[in-house]
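Below: the structure, in structure tokens.
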Amino acid sequence: MAAVELQGVSKSYDGTTFAIEGLSLQCRQGEMLALLGPSGCGKSTTLKLIAGIECISGGRILFNGKDVSELDTASRNVAMVFEDYALYPHLSVFENIAFPLRIRSYLHSEVQRAVDRIIDLLELQDVRDANVRKLSGGAQQRVSIGRALVREPDLIMFDEPLSHMDAAQKVGLRSEIARLQKAAKLTSVLVTHDQTEAISMADRIAVMDKGVLQQVATAAEIYARPANLFVASFIGEPPMNLLPAELLASDASAVQLALAGGAQLALPLVPHGAILQGATGRELVVGIRPEHVRLAAPERADIPAFDACIDTVETRGDHDVLQLQSAMGPLVMEVGGPSGFLAGQTLRFQVEPRHVHVFDAKTTRNLLGEQA
Ligand code: ADP
């Protein structure tokens, strides 16, 4: 049974437009599920609906199989961790973590036991009695996580928890939250617009756009097989190259695609052929990740090579990112660095056919794996 399940959930604030539409999603016991998408896609609304801060306009929300759609926040046993920590600045670390228990009139001995357990778990012993104002941003966020955990919630929701951190703090706290979440088997929902955060912390990622769920899967699955053009362009940095194409021909062994400038790509029948065979003229979009645009290799004479002119070279340490102009259109290419390439030079590149994604230009869906 899923710990949290959304069944066809919709939310309209004004009665006409939908902030969330037909959202069906599960967060399993002990997993961290990320809600990822650009600003305005409905992440915060989803979070508020799960927490009971906003009420749903349609559908159902279940906690451990029980319908909680009509329950208020206090009855849902959900804890939140916010980006701005929301700590009480005049209180110590201990008292901030103890706060949710004190307002529920827990016994003194219960508070001591519960808070000390959390302080040990988060390794905050050294600052136990310090005022939270004296702590770094990362330590303050650990205290706010401690405060969320102390009540042993059924679900913990992280709302952009690392937005206020600098790059170094982010890396540390990212792995710390992920470690803690796994160690304590916390069922958790992470709201973020940052794909690195989602990929590094969550077990599964729900990608959203304009209030509609686009895909939910592990980061590796999403990367290897994005469900549609939105997911393909949103996940991956630099983003996937997307090039207009048309189905030229197909036979028993391969499908032939025509790209701009007379360029052609032959893709193996499996897995592309089954869905593309016979649909000559169909408008498509070819997707190629920058790391799959490779320098032409003499031993790969079996696949075509194309010329390109280098527009810019961006050095990123262990690899370089090249902006290319080619007959098939502008392309981004990733090569091992330092590559020594300079703007203005030409090169020849190849694309491994099995790494080519094919999308339907009209529906935007990834055609791999779909039925014929
Ligand atoms: P995100 O968290 O992904 O940035 P939100 O859930 O905040 O997205 O917003 C989704 C949509 O709902 C947006 O179009 C936003 O303008 C709208 N919205 C969010 N909160 C409210 C509100 N309280 N009243 C009216 N519209 C809202």
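The values are calculated or read from the model by the stated rules, or taken from the named source; none is laboratory data. Every value quoted in this text rests on a predicted model; they were computed, and no experiment measured them. Note that we place each Cβ from the backbone using ideal geometry, even for glycine, and neighbour counts take in every protein chain shown. Protein only, heavy atoms only, side chains kept; ligands, DNA and RNA dropped before computing areas. Shrake-Rupley method; radii C 1.70, N 1.55, O 1.52, S 1.80 Å.
Points worth noting:
- A count restricted to segment 7-52 and to residues that are under 21 Å from Gln195 (Cβ atoms), surrounded by fewer than 22 Cβ atoms within 10 Å (Cβ to Cβ), away from the ligand (no atom under 12 Å from the Cβ) and small (Gly, Ala, Ser) stands at 0.
- Considering only residues in segment 105-131 that are among the basic types (Lys, Arg) and free of Cβ contacts under 8 Å to residues at least 24 places away in the same chain, the one that is least open to solvent (accessible area, probe 1.4 Å) turns out to be Arg117.
- Against the criterion of being within 13 Å of the ligand (Cβ to nearest atom), under 25 Å from the mean Cα position of the chain (by Cα) and over 30 Å from Asp126 (Cα atoms), Gly59 does not qualify.
- Contact map, segment 147-158: residues that are of a type outside the set (Val, Ile, Thr) paired with residues that are in a loop (DSSP other than H, G, I, E, B), Cβ distance under 6 Å, separation 6+ or inter-chain. Pairs shown: Pro153/Asn77; Asp154/Asn77; Leu155/Thr187.
Conditions tested, residue by residue: (1) open to solvent by less than 20 Å² (accessible area, probe 1.4 Å); (2) small (Gly, Ala, Ser); (3) at pLDDT 90 or above; (4) under 16 Å from Val78 (Cβ atoms).
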| position | (1), (2), (3), (4) |
| --- | --- |
| Arg133 | no, no, yes, no |
| Gly138 | yes, yes, no, no |
| Ala148 | yes, yes, yes, yes |
| Asp159 | no, no, yes, yes |
| Ala168 | no, yes, no, no |
| Leu173 | yes, no, no, no |
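- Inspection of segment 283-294 identifies at least one residue that is of a type in the set (Lys, Arg), touching a residue at least 24 places away in the same chain (Cβ under 8 Å) and open to solvent by less than 20 Å² (accessible area, probe 1.4 Å).
- Considering (1) farther than 28 Å from Asp120 by Cβ; (2) assigned to a helix (DSSP H, G or I); (3) away from the ligand (no atom under 16 Å from the Cβ), the lone condition that Arg179 does not fulfil carries the number (1).
- Residue within segment 21-41 that is among the hydrophobic types (A, V, I, L, M, F, W, C), over 24 Å from Ile177 (Cα atoms) and not in a loop (DSSP other than H, G, I, E, B) present: yes
- Selection status of Ile156, under 24 Å from Leu47 (Cβ atoms), part of a strand (DSSP E or B), among the β-branched types (Val, Ile, Thr) and more than 16 Å from the ligand (Cβ to nearest atom): yes
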